[in-house]
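> Once you've had a glance at the structure underneath, I'll fire off some questions.
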Amino acid sequence: QVQLVESGGGLVQAGGSLRLSCAASGSTFSINAMGWYRQASGKQRELVARISSGGSTNYADSVKGRFTISRDNAKNTVYLEMNSLKPEDTGVYYCNADVQITNWGMSNEYPYWGQGTQVTVSS
């Protein structure tokens with residue numbers, strides 16, 4: 001009932017910038033926290049940045065000071081601004097959203113994931 005559509009990935013030179021977007025759509029839903037994760041070749045998926053419904057943020061140590069996560073609740077969209085990119089940032093980036101739904105009077109939170117978008121940083 002909820003789909004996440006990502007855009008903005010691509011190829012950039014080291015030191016460059018890139019902006020990723022992820023928009024949620026579907027039936028009636030309520031989104032709590034949203035975040036970005038990435039998976040480099042030969043490595044496990046890791047948290048990059050996360051933002052609560054109220055705007056509180058959390059970043060991986062490797063991207064602090066370089067990346068900024070933000071959201072537009074009216075558009076159900078989360079963004080990731082990536083600056084001073086390094087070759088180590090290369091990988092597939094996935095959008096995540098914690099969606100709250102109610103069934104039979106019970107409210108539960110479920111994680112939804114985007115399809116992933118490739119980010120490649122050349123040296």
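> Report the full-extension gain for the segment Ser25 to Ala60: residue separation times 0.36 nm, less the Cα-Cα distance, to one decimal in nm.
Numbers: separation 35, 0.36 × 35 = 12.60 nm, distance 2.72 nm.
Result for the pair: 9.9 nm of gain on full extension.
> Given the Cα-Cα distance of Asn32 and Ala14 and 0.36 nm per residue of separation, how much length would full extension add, in nm? Could the numbers behind the result be given before it?
Working: separation 18, 0.36 × 18 = 6.48 nm, distance 3.34 nm.
The Asn32-Ala14 span can extend by a further 3.1 nm.
> Can you give me the orientation-averaged projected area of the convex hull built on the Cα atoms of the chain, in nm²?
Details: hull surface 31.1 nm².
Mean projected area for the chain: 7.8 nm², to one decimal.
> Out of the total accessible area of the stretch 44-92 (probe 1.4 Å, heavy atoms of protein only), what percent is carbon and sulfur? List each step's numbers first, then the result.
Values: 1080 of 2580 Å².
Using a 1.4 Å probe with all protein chains present, the stretch 44-92 comes out at 42 percent carbon and sulfur.
> Looking only at the stretch 19-62, which residues have a backbone nitrogen under 14 Å from a spot 7 Å from the Cα of Glu88 in the C-beta direction?
Zone members listed by number: 40, 60-62.
> Please work out the average accessible area per residue across the chain, using the 1.4 Å probe convention, and give it in Å². Please report the intermediate quantities before stating the final value.
Working: 6610 Å² over 123 residues.
Accessible area per residue: 54 Å².
> On to the next question. With a cut-off of 12 Å, note down the residues of the stretch 1-28 whose backbone N falls inside the zone around a label point 7 Å from the Cα of Ser122 toward its beta carbon.
Output list for this probe position: 11-14.
> Could you bin all the Cα-Cα distances of the stretch 23-81 into 10 Å bins starting at 0 and give me the percent of pairs in each, rounded to whole numbers?
Final binned percentages: 21, 48, 26, 5.
> Okay, next question. For Trp104 and Ser53, FRET efficiency with R0 = 30 Å and r from the beta-carbon atoms, rounded to 0.05?
Numbers: r = 24 Å, r/R0 = 0.80.
Result of the calculation: an efficiency of 0.80.
> Could you state, as a whole-number percent, how many of the C-alpha pairs of the stretch 1-45 are farther apart than 17 Å?
Numbers: 526 of 990 pairs.
Tail of the P(r) past 17 Å holds 53 percent of the pairs.
> Where Lys and Arg each count +1 and Asp and Glu each count -1, what net charge lies around Met82 among other residues with Cβ under 14 Å from its Cβ?
Details: positive: Arg19, Arg38, Lys64, Arg66, Lys86; negative: Glu6, Glu81, Glu88, Asp89.
Residues close to Met82 contribute a combined charge of +1.
The values are calculated or read from the model by the stated rules, or taken from the named source; none is laboratory data. What you see is a predicted model, and the numbers here were worked out from it, not measured in a lab. Neighbour counts run over all protein chains shown; Cβ positions are idealised from the backbone, glycine included. Keep in mind that these areas ignore ligands, DNA and RNA; they rest on the heavy atoms of the full protein, side chains included. Shrake-Rupley method; radii C 1.70, N 1.55, O 1.52, S 1.80 Å.
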